[in-house]
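Derivation of every value follows stated rules applied to the coordinates shown; laboratory data play no part. Bear in mind that the values here come from a model prediction, so they are computed numbers and not experimental data. Cβ: placed from backbone, ideal geometry, glycine included. Neighbour counts: every protein chain shown.
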Amino acid sequence: MKRYVGQWVGDDSESKGPGKFVVGDDVIPMVTTPEEIDWSTSTTVAWRFDPTINAEALLAIVPAHCQLVVVYTMGQHSPRTHWGNIGAATDSRILPAIYIETTTTEFDRRWTCIDLALVWVGNDVNDFGIANWLLSATSTVITSHPERLRAIAGVDWWLDPLAPATTDMTVDVYNTFSADSAKYQAYADAVELAITDWQAPEPPTVMIVGAGTGLIADAIAHLGYGKLEIVEKNPHCYGTLEAKSAGWRDCRLHLTSVTPTIADADIIVSEMLGSFGDNERFPEIRQQMPMSTVSIPQQYSSVVYPIHSHHSVPGFRPYVAKLSRYYPLADATEIWRFDGGNDGTERHGSVSWTATEAGTINAIMGTFRAQLYGHVAIHNCPATPSSLVNGQYCSSWFPMVFPVADYHVEIGDTITFAMWRRSDSNRVWYEWQFQGTRYNIDGTHFSF
């Protein structure tokens, strides 16, 4: 369906009338009931939705030739209340619908999982943030302030998890990382704080393990370190690092697949965390460090919660995913952590949730949080409660998704999940168990 961007004009109060929508050159007056509409000539229609009337019955009479139907939910009624009514109707007919009111500041995430074609936004500033997030579910937008909305493609990305320890990433991947300036500022703040806390007479030697194209080095080059050691095995990065290193003070490059002696460094810095916090082999790197070495990050943990994804999950193996149409069915929970000590690289954890929404679970979302140094922290938890995370959100790490077989829950149901981080001499992999079924046993479907 064509994407429209229109504007709400007028007021819906009793004194001023219902107002109208303007879409391009078309003016769409608001009507109260479908009986006021001449269906034989109308292709674009708007009416005020009375929640006491059956929405499915109303939308069922819309002719096939009708291109756009605007259904305005009256401000005193919550979209959550009418999910069953409007949701079923719009889902079955794939018709446009309005599902945000003037006064609504919270919404039901399930609205993103039907094929809607309209978002109507009131003047409340909270509604604009919601609309930006929801636009991926729409093909038509009508709003009071179209200039404040950014349309984004409603496409889910399912990607192989990055494995920089074993696979050479392309320059395009590093270019994507470079857009996440908040992450590199957080790393610079952490290194600066660690140098400030350094007690020895001589300034510390800082080693960056997995330097990529030198984004962390760029951020810390002005700090008061002693020497800067750059370690990178990816040949795609060598030229960039060699060119940049001329501007880095007291720098030595180690462009080799053989990691130099980590014990020679006082502060070791790495962004090899990955979407789940430990899927880029940083635990294995940490095991090689003396306990006296300052590690940045200092501590990192993995966080999980059950979700429903609107699009089918393509196979029972881990993915890094950027999902536009999903909703969580329980609160996020930490499943394990690495505290920076030499306590091994394998982990096992189990969690039990109480469903906060009714729906069908078809995946477990995995994110991480990390304490870089002192108070400086980062995370990639787009839907995690603030009680679980602090610090800077990093957009360059998409969450990890662990698919499971469809499992329906009602509000209050108990959901159980267990997970393992396992390894052998050559590989690391995750196994997970949901409602009695175990997935990716021995890394059969994916390891790194």
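Given a Förster radius of 22 Å and the C-beta distance between residue 242 and residue 218 as r, what FRET efficiency does 1/(1 + (r/R0)^6) yield to the nearest 0.05?
Details: r = 14 Å, r/R0 = 0.65.
FRET efficiency, residue 242 to residue 218: 0.95.
First obtain the Kirkwood hydrodynamic radius of segment 310-439 from its Cα pairs, then insert it into the Stokes-Einstein equation at 37 °C and 0.692 mPa s, and state the resulting D in µm² per second as a whole number. Could you put the intermediate results ahead of the total?
Values: Rh = 16.0 Å.
Estimated diffusion coefficient is 205 µm²/s.
Taking just the alpha-carbon atoms of segment 171-296, what radius of gyration and Dmax come out, in angstrom?
13.7, 42
Quick one: plug the Kirkwood hydrodynamic radius of segment 248-378 (C-alpha pairs) into Stokes-Einstein at 20 °C, 1.002 mPa s, and report D in µm²/s.
Estimated via Stokes-Einstein, D reaches 126 µm²/s.
What does the charge count around residue 197 come to, taking other residues whose C-beta lies under 15 Å from its C-beta (Lys +1, Arg +1, Asp -1, Glu -1)?
-4
Could you tell me which of 277, 247, 224 has its Cα farthest along the dipole of segment 222-282 towards the positive end, charges placed at Cβ (Lys, Arg +1; Asp, Glu -1), taken about the Cα centre?
Farthest along the dipole direction, towards plus: 247.
Taking the Cβ of residue 355 as the center, what net charge do the other residues with Cβ under 12 Å away carry, scoring Lys and Arg +1 and Asp and Glu -1?
Summing Lys and Arg as +1 and Asp and Glu as -1 gives -4.
What ranking, highest mean first, results for peptides 344-352, 266-274 when packing means the other Cβ atoms within 10 Å averaged over each residue? Walk me through the intermediate numbers first.
Details: 344-352: 14.6, 266-274: 23.6.
Going from most to least packed, we get 266-274, 344-352.
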